[in-house]
Amino acid sequence: MKKGSASLVMMLILVFVLSACSSGGSNSAEGGKGEKVKLTFSVWGDVNSGADEVKLAEEFNAAHPDIEVKFEPIPSEGYGTKLTTSLAAGQAPDVFLVGEGDYYKYVDKGVIEPLDDYLSKDTSFNLDIFQKDLIENMKIEGKQYYLPKDFNPLALWYNKRMFDEAGIPYPTDEWTWDDMIATAQKLTKKDGNKYTQFGFNAGKWEYPIYTYLWDYGTDIANEDGTAAEGYMNSEKTIAAMDKYVSWSQGDSRVSPTPLDSETLGGDSSMFMTDKLAMMITGRWIKGDLDKSDVQYGSALIPQNTDGTRSSIIASAGWAINAAGKNKEAAYELVKWLSGTDAQKLRSANGKVLPATVKELDEVKAKEVADKPVIEMMDYAKKPVTMRSTNGPVFVEEFTKALEKVLLGKQDVKGALDEAAKNVDSKIK
Amino acid sequence: MRNSKSERAGYWFILPWLVGLLLFTIGPMLFSLLLAFSKWDIITGVQSIEWVGLDNFKTMFHDELFYQSLKVTFIFALVSVPLYQVASLLIALLLNMRNKGMKFFRLIYFMPSIIPAVAASMMWIMIFNPEYGILNRALALFGVQGPAWLQDPSYALGALIVMGLWGVGNTIIIYLSGLQGVPEELYEAANLDGAGPFQRFFNITLPMISPTVFFNVIMGIIGGFQYFTQAFVMTNGGPLNSTLFYNLYLYNKAFTDFEMGYASALSWVLFIIILAFTLLVIRSSSMWVYYQGDNEKD
């Protein structure tokens, strides 16, 4: 490891060059009679979570005698790097999964095949089966680039045991942010001058912050992500952020400082060990929560006093590699992986929510725990990363500013003014 | 001429290594040199490489993070190289004594070096935990409230430097072998002349192992400037870029921001920096490195 990344960079570059040279000769297998079209597809995550995909691949192969599909999962940790490098080398899978934060980025690079032509030719498949908001999210500049695998709206998750112990009623649909913070105050406890538990986590993760800013009628960027000045540092944003960070600052804080949460083992493990009473996060957390013995419930993210409420739908979409050799077959695969049967299979034991309307309605009818989570979908808005290719610049500068504020190095206004200036000079 | 046949055989023997060198070192280096003058986002493949001349290097002049990463890396190298060398030499001197159970201590000191860097980093994250980490607990015994080592921008770099001390086993081993190569009769002669331990160390030991010092210093400089893994795992450059090492910044540019051209330019600048420092040490070596065989020529 000592040699570090300089040599890593060089190695990788060479791999690209070599593979770029060799890829010309390997596609001669096509066209021969009886020769199967070969496809690969990838998702992130450990092998276990891919069990459904393995099954789907087997079923697909059985149903399509002329196509042979192979499932190649990639560990979550290196997914982005692996995908990028394999795209560069022309060795990327024919179909792969992209997270909502990267939808724009890959399309911008021109590596994702738009699906509109395939969809318009295909009379047997209709996008109406999917949740409308979800499909909208997967559309960029009017074109459909992704089809849904699954989705996770942000919601408020609360620790029942901590509420019960304090004798406080669970969060309600009418809660405003102020109500939530007042409750969080009651659920924050100290032993001497050491905090033993916190009511809420207002960390530096931007998703919950967006929902709060939207409720205040502001955002860190303009609609198309081309300006930060007057948005990231608008009066409204500064006022809202002043309040938001105050929750995790000073002696009357209700939320852990970065240091607190480091000390107490991180937000989700604090939640699982009854040291954090409420958090706003995506439904993916459920998998971990169910493995622990925490008793939890979900609720709507609080609203503003005027009734504005916001959420974000985190989702994963299937994409066709624009440089793939068998895009027609790849389209069949994407359809298979996102279609009704696949949605049914994945949501069978409540692991994920189905992306299709009919199946989701069925879940809604019988699921109690997931009801607020599903309802949060109706309040979903798009964060800047899903509106513009400049998104990552906004997030980077905003997070940096927030970090400075949370470490007490700068005040909110100063940090956000500086961040807005940096963003605008970078995206010009 | 008379050796031509065996010479040719020799080349055959080194061929596998030579091919490897050309393909996996020289080739990529040349390619990255080309990239240093280009713009490339990796994703779209080699056809999208675009020649931009000196733009990447011009960008560096205005790049705040480039200067920050240089600063972090220079501080680290300037502190860690002397610190690690002195520490490992001192430990090697101790381990060179002829005591019972010395093999056990040698084992103990070398052991950290065989632990993978990532695993060691994970362990140190726990050691540095502000509340429950053993470091701060130990400090608490003396009534000292330890800082938040990795979360406080004024301590994080220092914490990584301290942590590095734990992994100097390799350097110790090299010093140890150097020390064992010092002829015993020199010490005997010095003892007869009434030299004390300090005189023996500075007049015999140090000159005799100066080639080892030379080697270790060069390796230390190269390693110091290329520091990456621990920062990547433990702090990822934070808090507030206080541990943004040069290599980490380079990596982020290449694989997070997909600016492979700029990253290549950065890697060449690093190469030149390391080369300059290494040459400096090599040039100065004639003044302080003593080779036993040399005095016959003088």
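The values are calculated or read from the model by the stated rules, or taken from the named source; none is laboratory data. These numbers were taken from a predicted model, which means no experiment stands behind them. FYI the Cβ positions are ideal-geometry reconstructions off the backbone, even for glycines, and counts take in every protein chain you see.
Filter the range A:352-368 down to the residues that are in a helix (DSSP H, G or I) and touching a helix residue (DSSP H, G or I) at 6+ places or on another chain (Cβ under 6 Å), then identify the one that is nearest to residue A:342 (Cα to Cα).
Within the range A:352-368, the match that is nearest to residue A:342 (Cα to Cα) is A:359.
For the range B:193-234, list the helices (runs of 4 or more DSSP H) that sit wholly inside it and hold at least 2 residues that are surrounded by 16 or more Cβ atoms within 10 Å (Cβ to Cβ), among the β-branched types (Val, Ile, Thr) and more than 13 Å from the chain's Cα centre (by Cα); which are they?
B:210-225
Take residue B:148 and decide whether it is within 29 Å of residue B:175 (Cα to Cα) and within 12 Å of another protein chain (Cβ to nearest Cβ).
no
So which residues in the range B:23-52 are facing chain A (nearest Cβ under 7 Å), of a type in the set (Gly, Ala, Ser) and touching a residue at least 12 places away in the same chain (Cβ under 8 Å), if there are any at all?
Answer for the range B:23-52, where residues must be facing chain A (nearest Cβ under 7 Å), of a type in the set (Gly, Ala, Ser) and touching a residue at least 12 places away in the same chain (Cβ under 8 Å): just B:32.
Hey, does the range A:247-269 have a residue that's under 25 Å from the mean Cα position of the chain (by Cα), among the β-branched types (Val, Ile, Thr) and in a loop (DSSP other than H, G, I, E, B)?
Yes - at least one qualifying residue is present in the range A:247-269.
Residue B:162: in a loop (DSSP other than H, G, I, E, B), away from chain A (no Cβ under 14 Å), under 22 Å from residue A:262 (Cβ atoms) and free of Cβ contacts under 8 Å to residues at least 40 places away in the same chain, yes or no?
No, not satisfied.
For the range A:109-119, check the following and say yes or no: at least one residue is over 27 Å from residue A:52 (Cα atoms), crowded, with 19+ Cβ neighbours inside 10 Å and either of a type in the set (A, V, I, L, M) or modelled with pLDDT of 90 or more (or both).
Checked the range A:109-119: no residue is over 27 Å from residue A:52 (Cα atoms), crowded, with 19+ Cβ neighbours inside 10 Å and either of a type in the set (A, V, I, L, M) or modelled with pLDDT of 90 or more (or both).
Considering only the range B:238-259, I want to know if a residue exists there that is touching a strand residue (DSSP E or B) at 6+ places or on another chain (Cβ under 9 Å) and either crowded, with 17+ Cβ neighbours inside 10 Å or in contact (Cβ under 8 Å) with a residue 24 or more places away in the chain (or both).
For the range B:238-259, residues touching a strand residue (DSSP E or B) at 6+ places or on another chain (Cβ under 9 Å) and either crowded, with 17+ Cβ neighbours inside 10 Å or in contact (Cβ under 8 Å) with a residue 24 or more places away in the chain (or both): present.
Only one of A:413, A:404, A:382 is touching a residue at least 12 places away in the same chain (Cβ under 8 Å) and in a helix (DSSP H, G or I). Can you tell me which?
A:413
If you check residue A:314 against the conditions, is it surrounded by fewer than 23 Cβ atoms within 10 Å (Cβ to Cβ), in contact with a Phe, Trp or Tyr (Cβ under 8 Å, 6 or more places away or on another chain) and outside any helix (DSSP H, G or I)?
Criteria met by residue A:314.
If we scan the range A:199-214, do we find a residue that is under 27 Å from residue B:131 (Cβ atoms), within 14 Å of chain B (Cβ to nearest Cβ) and touching a helix residue (DSSP H, G or I) at 6+ places or on another chain (Cβ under 8 Å)?
Scanning the range A:199-214, I find at least one residue that is under 27 Å from residue B:131 (Cβ atoms), within 14 Å of chain B (Cβ to nearest Cβ) and touching a helix residue (DSSP H, G or I) at 6+ places or on another chain (Cβ under 8 Å), so the answer is yes.
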